[in-house]
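Q: Questions regarding the structure given below will be posed in turn.
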Amino acid sequence: MENNNLVLLKKNGWLLIKNFFDSDYCDNLRESCYKSSTSGLDGKDLLSNNNLNFLFFNEKLMALLTDLIGEKPVYFGDSSYQIASINGGIATGFHKDCIDRNNPKGLDWDKDYSLIRIGIYLQDHKNYSEGLIVRTNSHHTNDLNKGKKINVPSEKGDLIIWYLTTTHSGNAKRLKGTDANLFMNDSLKKNILGKIYYKVLYKFVQPSQKDRVALFATFGKNDVHLDRIIKYLKHRSYMVSSWKNENYNSDILKKIKQQNLLEVREMKIEVDSIDTENFVEYNFVDFKKFNI
């Protein structure tokens, strides 16, 4: 029998779990993000980051991922932390992180899609801006206009999970003194909405509570969707560069193996022979030629 978290994730395409982490754990994560930034670790995946790799030993998190995925989760080097100024830009625009964004008949829209991303936002976005916007029940279509917009009311200690097929946007805005949201759809200042925002609308927006610090990581299982996303990411230069810079501590990998709650796929080995000087970047418009 499926647990309630899995039922909600499958139904809506996203999930908010309240008070998943305790306050001290969140403070440790936040402090470790700042320490990482001052240590020049921006751009490193979290498992390569000795300040933050303790996240992968969190048994409660690994147990949840196992329940949602259906088996021991696989981590393949796709993770990051972000620190954004309290004076952040407007929303990044609705998008999906899956492969078949332009292919309505692709395998991404199968009911058994398994790739999920976690988001840990370390401040209040229930009452302040710069959180996450999702479109509920948008994970079975490549149409970015489908699904009701939800400004996720996350707070410190909460955990957000969504499928890579779910339509979402960052840096959500909340209007001052109300529960209303300002759904901006384009971050370009030259765009008409952007011009209006920076000249007028920003005055009515509740700013971020503090610097927006968040962590993200993607997990899957050994199936066709994991194989496809890895094949696709081998055609994304930013990801190949990140994988080539993986630096996993052997003691950390040994500890993960002993804990037996997570499988780590070491992508540095797989991309070592990829020539970044003659790289063919993935083209979403001409997706058929990549045969993924």
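The values are calculated or read from the model by the stated rules, or taken from the named source; none is laboratory data. Note that the structure is a prediction, hence the values are computed from the model and not measured. Heads up, the Cβs are rebuilt from the backbone with ideal geometry, glycines too, and the neighbour counts pull from every protein chain shown. Areas reflect the complete protein model, heavy atoms only, side chains present, ligands, DNA and RNA absent. Shrake-Rupley method; radii C 1.70, N 1.55, O 1.52, S 1.80 Å.
Q: If R0 is 30 Å, what FRET efficiency do you get for residue 202 and residue 103 from their C-beta distance, rounded to 0.05?
A: 0.25
Q: Over 27 Å between Cα atoms: which of 105/268; 35/148; 149/203 fall into that group?
A: Exceeds cut-off: 105/268; 35/148.
Q: Also, I was wondering about something else. Give me the one-decimal Kirkwood hydrodynamic radius in Å for segment 229-292, with the sum taken over alpha-carbon pairs.
A: The answer is 13.5 Å.
Q: Sticking with this one: Could you tell me the extents of segment 32-77's C-alpha atoms along the three principal axes, largest first, rounded to whole Å?
A: Principal extents (Cα only, largest first): 38, 19, 12 Å.
Q: Let me ask you something else. Evaluate the Debye formula for segment 104-178 with equal point scatterers sitting on the alpha carbons, no solvent, and hand back log10 of I(q)/I(0) at q = 0.13, 0.21, 0.23 Å⁻¹, in q order, two decimals.
A: -0.42, -0.92, -1.03
Q: Determine by what factor the alpha-carbon radius of gyration of segment 192-283 differs from 2.2 N^0.38 Å, reporting the quotient.
A: 1.62
Q: While we're looking at this one, here's another question. With each run of n ≥ 4 DSSP H residues scored as -39500 (n - 2.57), what mean residue ellipticity at 222 nm is computed for the chain after dividing by its residue count and rounding to the nearest 500 deg cm²/dmol?
A: Calculated mean residue ellipticity at 222 nm is -7500 deg cm²/dmol.
Q: If you wrap a convex hull around the alpha carbons of the chain, what volume per residue comes out, as a whole number of Å³?
A: 145 Å³
Q: As a test question: what accessible area, to the nearest 10 Å², does residue 112 have when a 1.4 Å probe is rolled over all protein chains in place?
A: Surface open to solvent at residue 112 totals about 100 Å².
Q: How much accessible area does residue 21 have with a 1.4 Å probe, in Å² rounded to the nearest 10?
A: 20 Å²
Q: Assuming 0.36 nm per residue, please report the length gained on full extension of the stretch residue 34 to residue 276 beyond their Cα-Cα distance.
A: Between residue 34 and residue 276, full extension yields 84.1 nm more.
Q: Based on alpha-carbon centroids, what's the gap between segment 256-281 and segment 1-79 in Å, whole number please?
A: Result: 19 Å between the Cα centres.
Q: Bin width 5 Å, origin at 0, all Cα-Cα pairs of segment 44-167: what percent of pairs per bin?
A: 2, 9, 17, 21, 21, 18, 10, 3, 0
Q: Sticking with this one: Scattering from the C-alpha atoms of segment 8-61 alone, worked out with Debye: what is log10 I(q)/I(0) at q = 0.12, 0.15, 0.18 1/Å?
A: Normalising to I(0) and taking log10 leaves -0.37, -0.55, -0.72.
Q: Among 264, 21, 243, pick out the residue whose Cα is farthest towards the positive end of the charge dipole of the chain, where Lys and Arg carry +1 and Asp and Glu carry -1 on C-beta, about the Cα centre.
A: Of the candidates, 21 comes out farthest on the positive side.
Q: If I model a spin label as a point 7 Å beyond the Cα along the Cα-Cβ vector, how far apart are those points for residue 266 and residue 124 in nm?
A: Computed distance between label sites residue 266 and residue 124 equals 4.5 nm.
Q: Would you mind counting up the charge near residue 148? Only other residues with Cβ under 14 Å from its Cβ, with Lys and Arg at +1 and Asp and Glu at -1.
A: +3
Q: Taking a probe of 1.4 angstrom, what is the accessible area of residue 221 in Å², to the nearest 10?
A: 50 Å²
Q: Same structure, new question: Which FRET efficiency, nearest 0.05, do residue 5 and residue 84 yield, Cβ-Cβ r, R0 30 Å?
A: 0.60
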